[in-house]
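Report on one structure; see the data block that follows.
The values are calculated or read from the model by the stated rules, or taken from the named source; none is laboratory data. Being a predicted model, the structure only gives us computed values, none of them experimental. Note: ideal-geometry Cβ built from the backbone for every residue, glycine included; neighbour counts use all protein chains shown.
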């Protein structure tokens, strides 16, 4: 799977089914080459439109054909200022 394939998928919370946004950037671990986290541009909903949110790889529940399902207790620590 390519990064561009991930960027075209909607990020959806499995807690309430809300769309959280699209992947704007990906943090990679340079030692392992594995994904550490996704950076999202919020589409509104839980966050103000335009805020950036960090989703850790460990919080990804499932990557499907059209969506990436995440489980995460969102709080102020996930917002990137």
Next item on the list: Could you list all residues from the range 1-10 that are surrounded by 14 or more Cβ atoms within 10 Å (Cβ to Cβ) and either at pLDDT 90 or above or farther than 14 Å from residue 57 by Cα (or both)?
Entry: 9, 10
Notebook entry, point to check: Out of curiosity, is residue 81 at pLDDT 90 or above and exposed (fewer than 13 other Cβ atoms within 10 Å of the Cβ)?
Noted result: no
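So that you can scan it fast, the table gives a plain yes or no per residue for (1) on the phi < 0 side of the Ramachandran plot; (2) part of a strand (DSSP E or B); (3) at pLDDT below 90; (4) in contact with a strand residue (DSSP E or B) (Cβ under 9 Å, 6 or more places away or on another chain):
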position: 17; (1), (2), (3), (4): no, no, yes, no
position: 26; (1), (2), (3), (4): yes, yes, no, yes
position: 30; (1), (2), (3), (4): yes, no, no, no
position: 36; (1), (2), (3), (4): yes, yes, no, yes
position: 41; (1), (2), (3), (4): yes, yes, yes, yes
position: 68; (1), (2), (3), (4): yes, yes, no, yes
position: 73; (1), (2), (3), (4): yes, no, yes, no
position: 77; (1), (2), (3), (4): yes, no, yes, yes
